[in-house]
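Input: a single structure, listed below in structure tokens.
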């Protein structure tokens, strides 16, 4: 199978995560392209705190449950299953255009959780979702980043108006 050029989708995943952070009331910024270790910076300007966020994504809805991480110079890894359709032909009707498309799924992981999920036989640094205990507790858990920035979950950021 030929390698899929998913560069645009990977950039889109970064903007999806940026948007999700902003919607959650977390001030965040996209870094310059090719920053080693992270893609976004989330900040608490009142307290002078920031966290570095690395975004990882997989294009296919039928991906193998893993993603590559080559650099752990961040505080959080947000994995986005883009679910753009079936690619690997495991599902009935996989060759039908658009078959298997569904909304993206987000998982917010502290970097140490991802580091512990690296498959020991992988030469590429592949983290396996099945190796993450209580995986569902990380789904859409933007509160982990809020807490790290010392925000109360019940206390929204004040608007700039």
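Read the figures in this text as sums done on the coordinates, not as results from a lab. Values in this document were obtained by computation on a predicted structure and should not be read as measured data. Using ideal geometry, Cβ is built from the backbone for each residue, glycine included, and neighbour counts are taken over all protein chains shown.
List of remarks:
- Rg/Rh, computed from the Cα trace of the range 95-136 with Rh as the Kirkwood radius, has the value 1.12.
- Along its principal axes, the range 14-84 has C-alpha extents of 42, 26, 19 angstrom, given from the largest down.
- Cα-based Rg of the range 7-148 normalised by 2.2 N^0.38 Å, two decimals: 1.06
- FRET E, pair residue 68, residue 147, Förster distance 25 Å, beta-carbon r, rounded to 0.05: 0.35
- In plain terms, the residue of 148, 99 with the fewest other Cβ atoms within 10 Å comes first and the most crowded comes last, giving 99, 148.
- The modelled label-to-label distance for the pair residue 46/residue 29, using points 7 Å beyond Cα in the direction of Cβ, is 2.0 nm.
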